[in-house]
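Q: Supplied in structure tokens, the structure appears directly below.
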Amino acid sequence: MSPTAAVHQDSGLVVLSTGDVRIPVHPQSGAARAPLRADQTYQAPTGTADLREAVAGRVAAAGGQVDPTQVLVAPGARLAIYAVLATLLNDGGEVLLPTPYWASYPELVKRSGGSIVALPAQVGDGRIDLDTLEAHRTPRTRVLVVNSPRNPDGAVTPAEDLAAATAWAERHGITVLCDEVYRGVACTADPAPSILDVLPHLPDHCVVVDGLSKSHALAGLRAGWAITAGGLTRRVAAVASHLLGGTSTAVQSIAADILRDGEAIQAGIGKVLADQLVLARRRLAELPGVSCPEPGGGIFLFPNLTGWLADHAPEQARRDLTGWLRDKHRITVVDGAAFGAPGHIRLSFALPAEQLDEGLTRLGSALADATACQKG
């Protein structure tokens with residue numbers, strides 16, 4: 001059975017809307033890990049010493065420097081982010097969030113007691129403008145989120161902007177939350193700069209979040225972490241002990257092994273994704289009224305369909321683009337409005353080749369056919 005059929009045999013849909021890496025690099029089956037005596041007791045809510053050391057080792061291999069005690073392990077990067085936000089927003093407060101942004105950030109901020117302040121930015125451009133930050137800063141500003149490479153458009157923040165934004169935040173008592181979960185997806189020549197590259201030590205007002213979901217195609221493992229410094233480390237750990245309790249010992253054991261031995265997996269994923277990115281961008285460039293910035297990293301493309309919607313789209317597509325693509329053309333993508341960028345769609349290229357090819361074919365046919373009908 002083909003990859004497309006295996007995933008979509010019940011619905012007939014071709015799904016380009018996934019947020020995880022679907023490249024088949026791991027074994028389809030294997031012996032289950034039996035429970036060990038070490039699994040039967042509660043572990044430290046910050047994580048096992050083994051995994052924390054492996055995370056610190058990964059940072060060191062990339063040229064950074066953190067102590068294992070600065071690492072907080074969580075059941076996925078999402079919950080690591082939640083623990084940090086819950087710590088920093090416990091008196092309310094605002095989070096500066098460049099647009100477009102990951103669709104879960106507003107909900108995580110709200111459930112942490114805060115509110116978002118969306119910063120106007122250019123799709124495909126990860127630059128941080130200090131004048132924009134200053135114009136939106138208030139006495140209630142607590143956090144600046146820097147997601148690089150960014151979900152949904154793959155935009156990368158340059159090293160000089162990271163340094164400038166970090167210095168600006170320090171002057172104003174603001175924490176910079178660096179979401180780097182897509183940084184390890186090696187589909188481009190150079191990884192996105194990290195604050196751990198820019199500065200010799202992680203400042204007390206900075207947090208780095210990462211995990212294995214994207215870089216090693218292990219979203220289902222639910223293994224993520226936050227790296228903090230100074231007094232914030234203790235505060236986040238205290239919140240995590242109540243909010244998270246801890247992460248599965250078995251998951252942490254697997255994650256530590258992967259971090260030490262998973263370079264071949266990461267490289268293999270990157271090679272496939274690099275080829276599929278070229279294919280997907282070429283196919284999108286052929287579509288009428290569509291433009292798409294080249295991502296600097298990550299697993300998504302974020303084409304702009306506003307021209308097609310204005311000049312060629314049928315009324316049903318103008319009212320509900322993603323619903324029209326799903327119901328009429330049997331393809332799923334994510335509406336850019338969920339990321340603060342209406343008129344765009346997000347699609348993944350981290351898919352089996354047959355699935356990606358069929359999805360792009362259907363998308364192209366949908367737009368071309370509607371364009372032809374309008375002209376007719």
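Q: Give me P(r) over the range 55-165, computed from all C-alpha to C-alpha distances, binned every 10 Å, as integer percentages.
A: 13, 38, 39, 10
Q: From Cα pairs below 8 angstrom and at least 6 apart in sequence, can you work out the relative contact order of the chain, rounded to a whole percent?
A: 24 percent
Q: Using alpha carbon coordinates only, what is the Rg to Rh ratio of the range 187-295, with Rh defined as the Kirkwood radius?
A: Result: Rg/Rh = 1.07.
Q: Show that you can apply the helix-only estimate: for the chain, add -39,500 (n - 2.57) for every DSSP H stretch of four or more residues, divide by all residues, and state [θ] at 222 nm to the nearest 500.
A: About -12500 deg cm²/dmol.
Q: Of all the C-alpha pairs in the chain, what % are more than 36 Å from each other?
A: Cα-Cα pairs of the chain separated by over 36 Å account for 24 percent.
Q: Quick one: which of 159-165, 27-33 comes out on top by average Cβ neighbours within 10 Å, and what's the full order, highest first?
A: Going from most to least packed, we get 159-165, 27-33.
Q: Would you mind telling me the antiparallel percentage of the DSSP bridges in the chain, rounded to 5?
A: Counting DSSP beta bridges with both partners in the chain, the antiparallel share is about 40 percent.
Q: Leaving out same-chain residues fewer than 8 places away, which aspartates and glutamates sit with a Cα under 16 Å from that of LYS271?
A: Within the straight-line cut-off, LYS271 pairs with ASP190, GLU263.
Q: Sort SER241, SER213 from largest to smallest accessible area, using a 1.4 Å probe on the heavy atoms of the protein chains.
A: Solvent-accessible surface, decreasing: SER241, SER213.
Q: How large, in Å, is the range 265-356 by the Kirkwood hydrodynamic radius built from its alpha-carbon pairs?
A: Answer for the range 265-356: a Kirkwood hydrodynamic radius of 14.0 Å.
Q: What FRET efficiency comes out for the pair GLU286/ARG111, r = Cβ-Cβ distance, R0 = 45 Å, nearest 0.05?
A: 0.60
Q: Hey, another quick one. First check a/c for the range 331-374, with a ≥ b ≥ c the square roots of the eigenvalues of its C-alpha gyration tensor; if it is under 1.5, answer rounded, and if not, answer prolate when a/b is larger than b/c or oblate otherwise.
A: Oblate, since a/c reaches 1.5 and b/c is not below a/b.
Q: Another question, then. Computing the accessible area with a 1.4 Å probe over protein heavy atoms, can you report the carbon and sulfur percentage for the chain?
A: Ligands and nucleic acids excluded, carbon and sulfur give 52 percent.
Q: Take the alpha carbon atoms of the range 128-204, find their center, do the same for the range 298-315, and report the distance between the two centers in whole angstrom.
A: 28 Å
Q: For the range 31-177, what is the accessible area per residue in Å² when the probe is 1.4 Å?
A: Computed with neighbouring chains in place, this is 44 Å² per residue.
Q: Principal axes first, then extents: for the Cα atoms of the range 143-243, list largest minus smallest coordinate on each axis, whole Å, largest first.
A: Result, largest extent first: 36, 35, 24 Å.
The values are calculated or read from the model by the stated rules, or taken from the named source; none is laboratory data. None of the values given here were measured: they were computed from a predicted structure. Please note: Cβ atoms are built from the backbone with ideal geometry, for glycine as well, and neighbour counts cover all protein chains shown. Only protein heavy atoms, including side chains, enter the accessible area calculation; ligands, DNA and RNA are left aside. Shrake-Rupley method; radii C 1.70, N 1.55, O 1.52, S 1.80 Å.
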